[in-house]
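Below is one structure, written out as C-alpha cells, with a few remarks after it.
The values are calculated or read from the model by the stated rules, or taken from the named source; none is laboratory data. What you see is a predicted model; the values in this text were computed from it and never measured. Note that each Cβ is placed from the backbone with ideal geometry, even for glycine, and that neighbours are counted across all protein chains shown.
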Amino acid sequence: MRPTKLTISAFGPYAGEMTLELERLGDRGIYLITGDTGAGKTTIFDAVTFALYGNASGENRKPRMLRSKYALAEARTFVEMEFVYNGKTYRLRRNPEYLRAKQRGEGETKERPDALLELPDGNVITGDRTVTARVEELVGLNREQFSQIAMLAQGSFSRLLSGRTEDRGAIFREIFRTRPYQKFQERLKDKAKGLYGAYADSVKSIGQYAGGVMAEDGERWRAAVESKDLEAMLDLLEEMIREDESGAAGLDQDLKAVRERSGLLGQRLGEARSAAKAQEDAQRAEQELRENRPLFEEAKAVFEREKGRAGEREQLIGEISRAQENLKAYDEHDRLAADSRACQAEAKGMEAV
C-alpha cells in the first residue's frame, strides 16, 4: 500500500486544511518523515492510520482527541487519503466524533464518526466499521500490525523485534500471506497425530494377537514380541506358515489315504451287514416254518380229505343248479296265478255292470 495524497482538516495541530502530495516522493523505496520535535511528524502518522482504521497510530490518542483545538467552530475535521494498492487507486475519507457549531441557530452539535471508501471500479463503501473491515481485508493487516511494520514511529521497530514469537509470527503471516501454509501444516499435524494414534492402536492389537500365537521356537517369538520388532515377527510368521503349509500337505495325503481306507471299510461293512441281515431273515423264516409246521400238516390233511370228496361236491353243485331252475319255474307260476286272479276279478266287475 502506497499513499499518494493526504489531506487533513482541523486535525491535530493543523487548524485549517492541508494537503500533502505524497506521489511527488516517487513510487519506490520507503517514505522517511523527519523534522524537529513538535514539527507534526506524529500527526502525519495519525492521519494515515486514522484514514485507514479510524484510530490514531498511538495508543494514548483516541479518535475524539484528534480534532484540532485551534480550529474554528464551523470547521470540519476529516482526513482524506488516496493510495495505490496492487496497481489500483483507492480513496478514503473519514472523520472522528467531535463537536462543531450548528449550521442553523446557535450552539454545537455532535458529528458522528463516519467513513467512505471509493473502490477502483467506482463502487463506494460507507460506514465507519464497514470501511475499517474492508481495509483490513484489503491490506491484510489490522491497526496494531500496520503500526508495527508499515508506519514505524521513532523507537517502534524495537517492539516488533522484541515482541513475542506468536505476535511476530502472526504479523509475518499476514505480510507474506503464509496463513494457508500454516493451516495446511496444522492439518498435517492433526492428520499425523491421528495416524500415529491408529498406528499405536494397531501395534497394541498386534501385540495382543501375537501373545496368542503358539510358536515352536517360543524363545525367538517371545523376543520378537517383547521388542515389538514387527519385521522379525513377520519373518517368523512366514517361516511358521511355510512349515505349517508343508505339514498340511503331508497331512492332506494322509487324510486322503485314510478316507480311501475308510471308504473300503465302509463298503465291506455294508456287505457284511447285508449278509448278516440275509442270514437273520433265513433263520427267522426257518423258525416260522418250524412253528407253523403242525398247522401246515393239519391243513394238508384237510386238503387231502376234501380232495377225496370232489364227486360229492360236483353232485351237490348239480342239485343246486336244478333247484335254481325249479325256483325260476315256481316264480313264473306265481306270476301267472296272480295274472289269472286279476283277470277273474276284472271279469266279475264287468258282469256286475
Lone qualifier among R28, R67, R104 - being at pLDDT below 90 and in contact with a Ser or Thr (Cβ under 7 Å, 6 or more places away or on another chain):
R67
Taking the residues in the stretch 1-51 that are crowded, with 17+ Cβ neighbours inside 10 Å, small (G, A, S) and without any contact (Cβ under 8 Å) to a residue 60 or more places away in the chain as candidates, determine which candidate is nearest to R93 (Cα to Cα).
A51
Restricting to the stretch 194-220, count the residues that are aliphatic (A, V, I, L, M) and modelled with pLDDT of 75 or more.
3
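Taking the stated definitions as given, is F45 in the same structural domain as L6 (by TED's automatic domain parsing), closer than 16 Å to Y14 by Cα and outside any loop (DSSP other than H, G, I, E, B)? Talk me through it step by step, then tell me what you get.
Working: in the same structural domain as L6 (by TED's automatic domain parsing): yes; closer than 16 Å to Y14 by Cα: yes; outside any loop (DSSP other than H, G, I, E, B): yes.
So F45 fits the description; yes.
Out of the residues in the stretch 135-188 that are of a type in the set (V, I, T), at pLDDT 70 or above and surrounded by 11 or more Cβ atoms within 10 Å (Cβ to Cβ), state the one that is farthest from R2 (Cα to Cα). Outline the logic, then answer.
Restricting attention to the stretch 135-188, the residues satisfying the condition of being of a type in the set (V, I, T) are 135, 139, 149, 165, 171, 175, 178.
Filter once more, keeping what is at pLDDT 70 or above: 135, 139, 165, 178.
Add one more test, that the residue is surrounded by 11 or more Cβ atoms within 10 Å (Cβ to Cβ), and what stays is 135, 139, 178.
Details: V135: 14, V139: 11, T178: 22 Å.
The extreme case among them is T178.
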Complete set of residues in the stretch 85-116 that are among the hydroxyl-bearing types (S, T, Y) and at positive phi
none
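Only one of S246, S274 is hydroxyl-bearing (S, T, Y), surrounded by 10 or more Cβ atoms within 10 Å (Cβ to Cβ) and within 60 Å of the chain's Cα centre (by Cα); which?
Numbers: S274 fails: within 60 Å of the chain's Cα centre (by Cα).
Of S246, S274, the one residue that is hydroxyl-bearing (S, T, Y), surrounded by 10 or more Cβ atoms within 10 Å (Cβ to Cβ) and within 60 Å of the chain's Cα centre (by Cα) is S246.
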